[in-house]
Amino acid sequence: MSQEQPRPPSGQQAAGGGGEQGAVRYGDVFPAVSGGLAEKPVAPQDAATMQSAENLVFGQTLRGGAAAAMQSAATTNERMGVVGHDQATDATAVQGVTVAETRVPGGRIVTEFVAGQAVGQYLARDDDATAGGGAGAGAEAGGAARGGSAAAGVVDNTKVTIGEALEATALAAGDEPVERSDAAAIQAAEARATGLDANVPGGLAAQAQSAAAANAWAARDEDKTTLGDVLANAAAKLVADKPVESADALRVAGAENRNKGEGTARPGGVAASMAAAARLNRDEAVWDQ
């Protein structure tokens, strides 16, 4: 797999005074971006959202990829006090992150976008899937992420399923404690996957609701159940699964937003992963025609 390497933040870029002076901006990390995006500081939840998108396609965060570069820049900005740990710019919170895959003879070209501007491009060759490590492993993991799960009900094994989107949340936001809004989103996702109106006894929704209730009373963060605890191997825990469609993503986003105090979805959370999966599946359908 070959790729265009984003620039890591330099020591000079990390230096500076208060406010946004000296902040690492998108234009510093990705020289190809332009306009308003180039002037925006990279925020931690921007990186988390890109990480979620990469996990959906490749099954892991790419070494030297856009998510890793954004995480490095965001960490620098957070240390400088330019951005908060839970902060996202409108580049991801409003305009979104997309990972697009185009079939070409002998492989596929994967392009990563922030707010509609390309920030990374990778060529994954078909023979990379048989390689033992490095970029080949990333291509192979991507194939697994786009493939079917052991759960029943998977109709199209070329698309991202609801279970896989939930697993991407475990990777992107796995250290976050389960809140009521997360439980509501997981309940909506499970219902869309199974087609059942009631919770599956002992299923993901039941576990998430129990975790959210217990977390509300926990005195210490280390005692709280995290999204990673609940959503690890989510695809195997669902009694049925299906490819994510736009209607599924909208239903989950509505459930998460209604149950969150500020009315905004968690960056890198269940709704964000479902939205990214729906976009990938929609784009894949267009390319397959």
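The values are calculated or read from the model by the stated rules, or taken from the named source; none is laboratory data. The shown structure was predicted, so the numbers you read here are calculated from the model rather than taken from an experiment. Surface accessibility is based on the protein's heavy atoms, side chains included, excluding ligands, DNA and RNA. Shrake-Rupley method; radii C 1.70, N 1.55, O 1.52, S 1.80 Å.
Table for the structure above
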| item | result |
| --- | --- |
| Residue identified as open to solvent by less than 60 Å² (accessible area, probe 1.4 Å), within 17 Å of S52 (Cα to Cα), within 20 Å of the chain's Cα centre (by Cα) and assigned by the TED database to the domain that holds R258 among A193, A189, A184 | A189 |
| Subset of segment 56-68 (residues that are more than 14 Å from V119 (Cα to Cα) and open to solvent by 10 Å² or more (accessible area, probe 1.4 Å)) | G59, Q60, T61, R63 |
